[in-house]
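> A single structure is presented below for examination.
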Amino acid sequence: MPLRPAPRAAAPAAAPGSAPRQPLWRDLVGNVLRRERQAQERTLKDVADAARISVPYLSEVERGRKEASSEVLAAAAAALGLDLADLLALAHGDLLLALRRPRARGGAAPVRGRAVSTVTTPLAAAPLASSRAATGRGGGPHQAQLRLAA
């Protein structure tokens with residue numbers, strides 16, 4: 001009988017009236033990697049080859065199934081034209097958005113009546129490589145305002 005992978009452990013659901021469930025860091029980082037790769041219209045194979053990691057492993061990292069080391073994250077970020085700090089700042093921005101998103105009783109975010117606040121972050125939550133290519137800048141500190149829907 002073939003072995004099956006263990007089911008993915010989900011973060012515990014929040015009890016009614018308690019603080020919202022915290023997103024998993026691996027999910028946030030994976031989402032950023034996938035979003036940036038897709039914004040650049042690149043394949044998993046292209047990015048995995050540039051990062052010198054396997055395609056299946058990069059896929060699992062993007063889906064939040066693997067907790068990647070800092071070396072792997074730095075290599076994947078570099079393959080996308082990002083610094084590790086850029087990757088972490090984008091994931092941090094997504095974390096802030098997730099924590100500030102109120103949940104309705106059914107668990108879905110409300111569609112109408114959302115308050116919006118603006119915070120200054122080290123990096124905007126938009127794809128970076130295309131803006132860097134346009135400006136010819138290879139890195140350095142970036143500051144942008146990010147509008148957060150509450």
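To keep it simple, each residue is scored yes or no on (1) under 18 Å from Arg35 (Cα atoms); (2) modelled with pLDDT under 90; (3) in contact with a Lys or Arg (Cβ under 7 Å, 6 or more places away or on another chain); (4) among the aromatic types (Phe, Trp, Tyr).
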| residue | (1), (2), (3), (4) |
| --- | --- |
| Val55 | yes, no, yes, no |
| Glu60 | yes, no, yes, no |
| Ala79 | yes, no, no, no |
| Asp83 | yes, no, no, no |
| Thr120 | no, yes, no, no |
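> Whether any residue in the range 53-72 is in a helix (DSSP H, G or I), of a type outside the set (Lys, Arg) and within 12 Å of the chain's Cα centre (by Cα) is what I want to check. Working first, answer last.
Here is the first cut: in the range 53-72, the ones in a helix (DSSP H, G or I) are 55-62, 70-72.
Add one more test, that the residue is of a type outside the set (Lys, Arg), and what stays is 55-62, 70-72.
With the extra rule that they be within 12 Å of the chain's Cα centre (by Cα), the set shrinks to 61-62.
Yes, the range 53-72 contains at least one residue that is in a helix (DSSP H, G or I), of a type outside the set (Lys, Arg) and within 12 Å of the chain's Cα centre (by Cα).
> Search the range 29-52 for residues being within 13 Å of the chain's Cα centre (by Cα) and of a type in the set (Lys, Arg), and hand back the single one that is farthest from Leu96 (Cα to Cα).
Restricting to residues being within 13 Å of the chain's Cα centre (by Cα) and of a type in the set (Lys, Arg), the top hit is Arg37.
> Hey, can you tell me all the residues within the range 50-73 that are free of Cβ contacts under 8 Å to residues at least 12 places away in the same chain and in contact with a helix residue (DSSP H, G or I) (Cβ under 9 Å, 6 or more places away or on another chain)? Step through it out loud before you land on a result.
Keep residues of the range 50-73 that are free of Cβ contacts under 8 Å to residues at least 12 places away in the same chain, which gives 54-56, 60, 69, 71.
Listed by number, the residues that qualify are Ser54, Val55, Pro56, Glu60.
> Okay, next question. Pro2 - would you say it is under 30 Å from Arg101 (Cβ atoms) and either at pLDDT below 95 or over 17 Å from the mean Cα position of the chain (by Cα) (or both)?
Numbers: under 30 Å from Arg101 (Cβ atoms): no; either at pLDDT below 95 or over 17 Å from the mean Cα position of the chain (by Cα) (or both): yes.
Criteria not met by Pro2.
> Do we find that Ala89 is buried (at least 18 other Cβ atoms within 10 Å of the Cβ), at pLDDT 95 or above and in contact with a strand residue (DSSP E or B) (Cβ under 8 Å, 6 or more places away or on another chain) in this structure?
Details: buried (at least 18 other Cβ atoms within 10 Å of the Cβ): yes; at pLDDT 95 or above: yes; in contact with a strand residue (DSSP E or B) (Cβ under 8 Å, 6 or more places away or on another chain): yes.
Criteria met by Ala89.
The values are calculated or read from the model by the stated rules, or taken from the named source; none is laboratory data. None of the values given here were measured: they were computed from a predicted structure. Every residue, glycine as well, gets a Cβ built from its backbone with ideal geometry; the counts of neighbours run over all protein chains shown.
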